[in-house]
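A quick write-up on the structure given underneath.
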Amino acid sequence: MNCRECKEHLYEYLDRELTPAVEQEIRQHIADCPPCGEEFDFEKLFLGFLRARCRAQGAPPDLKRRILDELLDE
Amino acid sequence: MTPPTPPTPPPPAPSPAAEADKRASFEREALVHLDSLYRVALRLTGNPAEADDLVQETMLKAYRAWHQFERGTNAKGWLLTILRHAFINEYRRRTRHPETVDIDAIEPFSVFEELQDDDPQGTFFDRIVDDEVLRAIDLLPEQFRETVVLSDVEGMSYEEIARILEVPVGTVKSRLFRARRLLQQKLYDYAVGMGYIKGSAK
């Protein structure tokens, strides 16, 4: 696999959406090719950052209670 | 003389025990996804009060249709589909305007390449706070915003996202690619503006 092909699968690889065979080819390429390795590391960091920043927020504490009350009236 | 016809019996009301069972299974399998529904609702409506209403309405609709939910399948996907339909039908017109995006007009920008001389490890991300990231997501076109939220915030697979958004998996992939690059660009511009990184003269 060359760099271009590898980068075409960048997000699919990080999202674990590839078949094990293709995933293995990419793992091999980024281990052998430092520029691709760095780019994949950067994108992985970015996705981890996004997730961490956005998951802190949850539903307001009383929303579940209000929904349960509503279901009781059904 | 004809005998009087017997009165038709009223339809049987569900027994209190059956109702209690239904509520218990709904609480166990559906209400556990409340935080996810709320986060998605908030990003779709852009407003906590509307998100609250949208989630309540979604849960009520889901409860009424609970007998149609196929046990053992993905309840989160099912609930998010109901939520999205409710949003499109009742909220979108009131809150934000649906945008149609010319996807090809968006030039994917590689922040990684921009950062080569300055911060190749992307340490500037550490200095960007939650609110700034959420604001950047809220500025994305709706099609991108919902795809990114389902993937990067809720961790759903391409296939689950495709089912919820009713688009092909290939569309999910291309939206995700462009949405993430757009987000990177917004956050990069923000970081340059704040002086976290130098930035190049583009």
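Worth a mention:
- Identity of the residue in segment B:153-189, over 16 Å from residue B:141 (Cα atoms) and open to solvent by less than 30 Å² (accessible area, probe 1.4 Å), that ends up farthest from the other protein chains (Cβ to nearest Cβ): B:164
Residue-wise test of (1) assigned to a helix (DSSP H, G or I); (2) hydrophobic (A, V, I, L, M, F, W, C); (3) within 14 Å of residue A:58 (Cα to Cα).
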| site | (1), (2), (3) |
| --- | --- |
| B:36 | yes, no, yes |
| B:39 | yes, no, yes |
| B:44 | yes, yes, no |
| B:55 | yes, yes, yes |
| B:67 | yes, no, no |
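- For segment A:59-69, the criterion of a residue being open to solvent by 90 Å² or more (accessible area, probe 1.4 Å) and assigned to a helix (DSSP H, G or I) is satisfied by at least one position.
- Within segment A:42-58, being within 8 Å of chain B (Cβ to nearest Cβ) and either crowded, with 18+ Cβ neighbours inside 10 Å or in a helix (DSSP H, G or I) (or both) holds for A:42, A:43, A:45, A:46, A:47, A:49, A:50, A:51, A:53, A:54.
- Of all residue pairs spaced 6 or more apart or on separate chains, those with beta-carbon atoms under 6 Å, a first member in segment B:115-143 that is more than 8 Å from chain A (Cβ to nearest Cβ) and a second member that is open to solvent by 60 Å² or more (accessible area, probe 1.4 Å) and part of a helix (DSSP H, G or I) are B:136/B:186.
- If the condition is being of a type outside the set (Gly, Ala, Ser), more than 9 Å from every other protein chain (Cβ to nearest Cβ) and surrounded by fewer than 22 Cβ atoms within 10 Å (Cβ to Cβ), then segment B:34-51 contributes B:45, B:47, B:50.
The values are calculated or read from the model by the stated rules, or taken from the named source; none is laboratory data. As the structure is a prediction and not an experimental result, all values here were calculated from the model. As a convention, Cβ positions derive from the backbone with ideal geometry for all residues, glycine included, and neighbour counts pool all protein chains shown. The accessibility values were calculated without ligands, DNA or RNA, using every heavy atom of the protein model including side chains. Shrake-Rupley method; radii C 1.70, N 1.55, O 1.52, S 1.80 Å.
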